[in-house]
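The values are calculated or read from the model by the stated rules, or taken from the named source; none is laboratory data. What you are looking at is a predicted structure, and each value in this text was computed from that prediction instead of being measured. Cβ coordinates were reconstructed from backbone atoms using ideal geometry, including for glycine residues, and neighbour counts include every protein chain displayed. Accessible surface areas use protein heavy atoms only, side chains included; no ligands, DNA or RNA. Shrake-Rupley method; radii C 1.70, N 1.55, O 1.52, S 1.80 Å.
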Amino acid sequence: MTSTVEDDGQAASEVRAAGINEALTVMPDEKGHFGPYGGQFVSEILMTALAELDQAYRHLKNDKNFLAEFHHDLEHYVGRPSPLYFAERLTKQMGGARIMLKREDLNHTGAHKINNCIGQALLAKYMGKPRVIAETGAGQHGVASATVAARFGLKCRVYMGSDDIARQSPNVYRMKLLGAEVVPVTSGSRTLKDALSEAMRDWVTNVDDTYYIIGTVAGPHPYPMLVRDFQSVIGIEARAQCLKQFGTMPDAIVACVGGGSNAMGIFYPFLEDRDVRLIGVEPAGHGLETGQHAAPLSTGKIGILQGNRTYLMQDSDGQVLDTYSISAGLDYPGVGPEHAWLKDIKRAEYVAVDDKQALHAFRQLNRLEGILPALESAHGLAYAMDLAATMSKDEIIIVNLSGRGDKDIPTMAKIDGISLD
Amino acid sequence: MSRIADCFQRLADNRQKALVVYVVAGDPTPAITVPLMHDMVASGASIIELGVPFTDPEAEGPVIQLAHERAMRHRVILRNTIAMVASFREQDTVTPVVLMGYINPIEAMGYEAFAALAASAGVDGTILVNVPPEEGRVLDQAMISQGLDPIYLLAPTTPEARARMIFERTRGFTYYVSVKGTTGAGNLDIDEVTRRVAAFKAYATTPIVVGFGIKDGESAAQIARVSDGAVVGTALVSLIAANEQDPVRLREAVSELVADMRAAMDAVS
């Protein structure tokens, strides 16, 4: 009898374990919920458009022609697979775990954003929408959207906060060269959040002929799911590359988190690999204690903004707080709902790195590896460097080097007191 | 019966249609809101939608976005918006008042706490722009148990099956957003509105009021002819913005427009 009870116990625990495992990758549910997070908090005008998008995507993600076109462009247009590069001198400097860089900075247009844009531009094409719109913070998603619009012959309008336009001028000009219209957004905090609201307003007005390319794993369902799926090529490649180079899994994966698309893209294929630590790095700006940051997972409370329930930087009355980060691409008060869920179930860890630490890592990577990282990616790198120093030399950390820093040269030059004119 | 049901019954008895007016609480100052509410009722408004100021009013056009910003400068938020309704109720226990806005301030307060506070202040219902029925189930229970009506929206993009589902959930009345766009969008297509409202009427469970694109007596009268009521928002908020520095003229201008619309609507019903 005792053995039966034990068998039942073991079987039950296996089922439970299997159940939990399964739950990690089958999320979200049909209505777009990741546990209590996600959903579709939008105006009624958009509900039918979101249902059509969900239906189209669920069909096309198993469509051979669609997938063939997607992977063809990832290889021949984006330049995938991106290398998994051993940062040898940086590793030696930190004196601990091997630091491997997943080189999304080498993609066409200079960041991981293009992976998702190829996927969504194809969705627009298959759905017969001649016009695309996008929001952008640092300008990387705007550039990637304008790029795919040119590539697929779609009309493109990009909304960008006027403060971000001022600090990311090279990308603004680049979008114009690509034939996109860049619309400055002067409402609210004049950054990414307000650009997203303005893009939503455009979408409700032009929903019949317009496809909205959301740039991160946030917004209403099905965006968090489909952006994650298109970005998961990063993690699929990194996993295979690590196994091939070392015959083993990495010990930790580190990625910066604003909305969280590069992090979700590299985390997702590792969700079942429970021994692999997944670490998301939020921007602590001037320091978490100052309130001037953009780290909702580290300090925020649960709220609802821009289509989904998630961790949100807000006051006790539910008003959304202004955010700050030196990195425009991380300067957002919310975060993708799947990250909120992974935090709660403790499958991923979330930490924060301030401006100073990010700038230090930015300079170190230039000097030691000859690589100019985006300020966004430098946040992940900064945490990984400190973490490496605490780990042993036979352990492996993969950092998602999500973008290159050419766009940040004006910001950096200003900090260093150098005039580029 | 609820104040909203009473209101539509009274209107039907008088062969009138509902004139639903929208202003943002605290715009341009907290002191003006309650007197303005009484003015609008005196001029013929049937139902008041009181906008709850929010940092990110993502469904609003530029005119109402600025109204939210003006109100937020005075720290008008959900709690003091509800207090304004309590103050309004000291003199008016008849006119329905519904709160219109976004879910996050209610999420932050907690659904049960919100429903209890709003009901005790004399609020009659909510119109939450970013909560479709699928996401509103838990809040609806809290509200209904306090006698509050969750009012849902219909859009030009809403197909029939979905409209039927919405009519199963909405209470008090249903708000048809007549134009694809943000508040203040133009291009009211009266033929299209007539056709859609007539189709909804076949299975509607509540009165249907129509909003977006109604800016004067003429457009209000056109809408009144084919529905149960007209909503005016941006046109009123524009007058408030234009007379921000002159509260006396502001109240006159708002009252005049409401009275014009009432007269035009009554002339056709």
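Select from chain B the helices, each a whole stretch of DSSP H, whose alpha-carbon atoms run 18 Å or more along the helix axis and whose Kyte-Doolittle mean is at least -0.5; answer none if there are none.
B:30-42, B:247-268
Straight-line reach from residue A:407: which lysines have a Cα under 19 Å away, not including same-chain ones fewer than 8 places off?
List returned: A:113, A:176, A:356.
Give the lysines whose C-alpha is closer than 18 Å to that of residue A:244, dropping any in the same chain fewer than 8 places away, or say none.
In chain and number order, the partners are A:102.
In straight Cα distance, which lysines are under 18 Å from residue B:215, not counting same-chain residues fewer than 8 positions off?
Candidates past the 8-residue exclusion: B:17, B:180.
Can you give the helix-only mean residue ellipticity at 222 nm for the protein assembly as shown, where every DSSP H stretch with n ≥ 4 adds -39500 (n - 2.57) and the sum goes over all residues, rounded to the nearest 500 deg cm²/dmol?
About -14500 deg cm²/dmol.
Could you do me a favour and compute the accessible area per residue for the protein assembly as shown, 1.4 Å probe, result in Å²?
Solvent-accessible surface per residue comes out at 37 Å².
At what distance in angstrom do the alpha carbon centres of the range B:208-233 and the range A:74-121 lie from each other?
If we compute the Cα centre of each part, the gap is 56 Å.
State whether chain A is rounded, prolate or oblate according to the following rule on the C-alpha gyration tensor (a ≥ b ≥ c being the square roots of its eigenvalues): a/c under 1.5 gives rounded; otherwise a/b larger than b/c gives prolate, and the remaining case gives oblate.
It comes out rounded by the Cα gyration axes.
Longest segment of chain A with no GluC sites (Glu not before Pro) in a DSSP loop having at most 13 other Cβ atoms within 10 Å?
A:31-271
How big is the gap, in Å, between the Cα center of the range A:222-268 and the Cα center of the range A:162-182?
Answer, in whole Å: 28.
Beyond 27 Å between alpha-carbons counts as too far, so tell me which of A:31/A:155; A:92/A:343; A:193/A:414 fall in that bin.
Where the Cα-Cα span goes over 27 Å, the pairs concerned are A:31/A:155; A:92/A:343.
Under 1.5 on a/c is rounded, so check that first for chain B, then, if it is not, pick prolate when a/b is larger than b/c and oblate when it is not; a ≥ b ≥ c are the square roots of the alpha carbon gyration tensor eigenvalues.
In terms of gyration-tensor shape, rounded.
Projected onto the charge dipole of the protein assembly as shown (+1 at Lys/Arg Cβ, -1 at Asp/Glu Cβ, origin at the Cα centre), which of A:46, B:259, B:77 gives the Cα projection farthest towards the positive end?
Farthest towards the positive end: A:46.
Within chain A, which complete DSSP H helices have Cα atoms spanning at least 24 Å along the helix axis and a mean Kyte-Doolittle hydropathy of -0.5 or higher? Present the calculation step by step, with values, prior to reporting the outcome.
Values: long enough: A:2-26 (35 Å, -0.14); A:44-60 (25 Å, 0.19).
Long hydrophobic helices here: A:2-26, A:44-60.
Just how far, in whole angstrom, is the range B:152-183 from the range B:19-91 if you go by their alpha carbon centroids?
Spelled out, the Cα-based centre of one part sits 23 Å from the other.
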